[in-house]
């Protein structure tokens, strides 16, 4: 086993009833940035994503496509794999709930819950949403435009009556409330914790966890005709990936419990109520945190297939480049809040922070070094108070960024990094090394050395966000691959004078503003 500390982060596993969209890319990107950050910070990381391939919704989607369910799942799951490649996600595993190892895992979890007295047989009669794969009580429903009942999500519901096995969720109410009280960071942001606590305090009903009206799912062990409710099936994937039910395996002992389950706010109840209830009942350790982020709108409109405004991440990458897409999605909106996607704001943000920010700082600095220092990192002389102030801000940046990352406050981490980049931009404007060439070459060399060192540290820190661009920045400075971890940040690992640099290309190209209807240019 690794001697490094372990860190386990998961995305939800995505339904294969449709093609991936910006919401899927957003959640997985957040996990990818955090996973990359932790690896660079010395952790042994397990980063899991994958696809949820069972349930009535998938069965109906396959039927509509005229395909057997497994063939349909294979096709759509592959598209999620392609998204991971296109976004350069660094996931260690891509799990599918149709895998044999998962069937073993979730059936064992069922048996444990049954052995401990938390499962009983009865019949279910109530409202069910196929789209949400969720049961709803009467008081949670509203009336649609046509008078039909609908779920809180707006999804249609149907009345279901069938034999079912139930999980004694009601028995877990006090334990869940105790969990939220003792571990206030178990659900984040805080507003989501309040939402969950309110729901549980209102009283929990036992949960139907098997179905008999369709067949596409994991069979309930020893209960012919019953398949598992899709959420007990899906949630157990987090255990499957680390080796459950073998609790003595190196992987399980290293990585369970998970550090962060990253999810969208629409599936908060399943992860913050049902999942810890299952684990508590099975006497398994609980994850440390469930973080529920917000939703995107598109130019002020709710995103929906019916409106035709679904944002295609593949198209965004083709139009703007991967680095810009990764940066914008996590920089523009405080993580946890809802956000509005705008192509105008996309271009403005990326041009301001990337092209005119770190990109311009790098081009100016390395261009001057190539021109005036024989293409090598210059030797600095005595450092001024201004030099030391900028270097100190840079040297201590990791601690601030780490704190924000540990709280999934990605936008604050980005703000801290780009604040130092802005300070460096102000520094170069005040020092004017292009003028010092004529008046004080030794001071010019010192200024350029300081700037190059700041760029080195910034480039190391932004690797989780824009890995391709950061790699090119570090290549330009002659930084070896082994010297790109966070262990090489700070004053103990300064740039070596005399290191040959590469004349810079444009790292972050300027993006063109989108053409708005009515524009004549």
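What nm value, rounded to one decimal, do you get for the distance between residue 419 and residue 174 when each label is placed 7 Å out toward the C-beta?
Here the answer is 4.7 nm between the modelled labels.
Hey, with R₀ at 22 Å, roughly what FRET efficiency would residue 426 and residue 388 work out to, going by the Cβ-Cβ distance, to 0.05?
Numbers: r = 15 Å, r/R0 = 0.70.
Taking R0 as 22 Å, the efficiency between residue 426 and residue 388 is 0.90.
Among 176, 383, what is the fewest-to-most ranking by other Cβ atoms within 10 Å?
Numbers: 176 23, 383 14.
In increasing order of surrounding Cβ atoms, one gets 383, 176.
For n ≥ 4 DSSP H runs only, could you compute -39500 (n - 2.57) per run for the chain, divide by its residues and tell me the 222 nm figure to the nearest 500? Provide the component values of the computation, followed by the final result.
Working: 20 runs with 229 residues, N = 521.
Counting only the DSSP helices, I get -13500 deg cm²/dmol.
Which whole-number percent gives the relative contact order of the chain, counting Cα pairs below 8 Å spaced six or more residues apart? Walk me through the intermediate numbers first.
Numbers: 834 pairs, mean separation 78.8, N = 521.
Once divided by the residue count of the chain, the mean separation gives 15 percent.
On a 0 to 90° scale, report how tilted helix 410-431 is relative to the longest principal axis of the chain, with both axes built from alpha carbons and the result rounded to the nearest 10.
10 degrees
If the chain between residue 70 and residue 379 were fully stretched, how many nm would it gain, using 0.36 nm times the residue separation less the Cα-Cα distance? It would help to have the intermediate numbers written out before the result.
On the way: separation 309, 0.36 × 309 = 111.24 nm, distance 6.35 nm.
Between residue 70 and residue 379, full extension yields 104.9 nm more.
What distance in nm separates the simple spin-label points at residue 246 and residue 4, each placed 7 Å from Cα in the Cβ direction?
With each label point 7 Å from Cα toward Cβ, the separation is 2.3 nm.
Compute the distance from the alpha-carbon center of segment 310-336 to that of segment 406-453, in whole Å.
Their Cα centres are 27 Å away from one another.
Angle check, please: helix 190-201 long axis (alpha carbons) against the longest principal axis of the chain (alpha carbons), in degrees 0 to 90, nearest 10.
Value to nearest ten degrees: 10.
Got a sec? How would 182, 41 order by Cβ neighbour count within 10 Å, fewest to most?
Taking fewest neighbouring Cβ atoms as first place, the list is 182, 41.
Report the extension gain between residue 122 and residue 18 in nm, rounded to one decimal, defined as 0.36 nm multiplied by the number of residues separating them, less their alpha carbon distance.
On the way: separation 104, 0.36 × 104 = 37.44 nm, distance 3.33 nm.
In short, 34.1 nm is gained.
Please identify which residues in segment 485-505 have an amide N closer than 19 Å to a label point set 7 Å out from the Cα of residue 288, following the Cα→Cβ vector.
486-487
Taking every DSSP beta bridge with both residues inside the chain, roughly what % is antiparallel (nearest 5)? Mind showing how you got there, number by number?
Details: 24 of 47 bridges.
In the chain, approximately 50 percent of DSSP beta bridges are antiparallel ones.
Using only the alpha-carbon atoms, how far is helix 69-86 inclined from the longest principal axis of the chain? Give it as 0 to 90 degrees, nearest 10.
It is inclined by approximately 20 degrees.
In nm, give the distance between the simple-model label positions of residue 104 and residue 201, each being 7 Å from the Cα along the Cα-to-Cβ direction.
4.5 nm
No lab work stands behind these numbers, since they all come straight from the coordinates. Nothing here was measured: the structure is a model prediction, and the numbers come from that model. Counting neighbours? That spans all protein chains shown, and the Cβs are built from the backbone with ideal geometry, glycine included.
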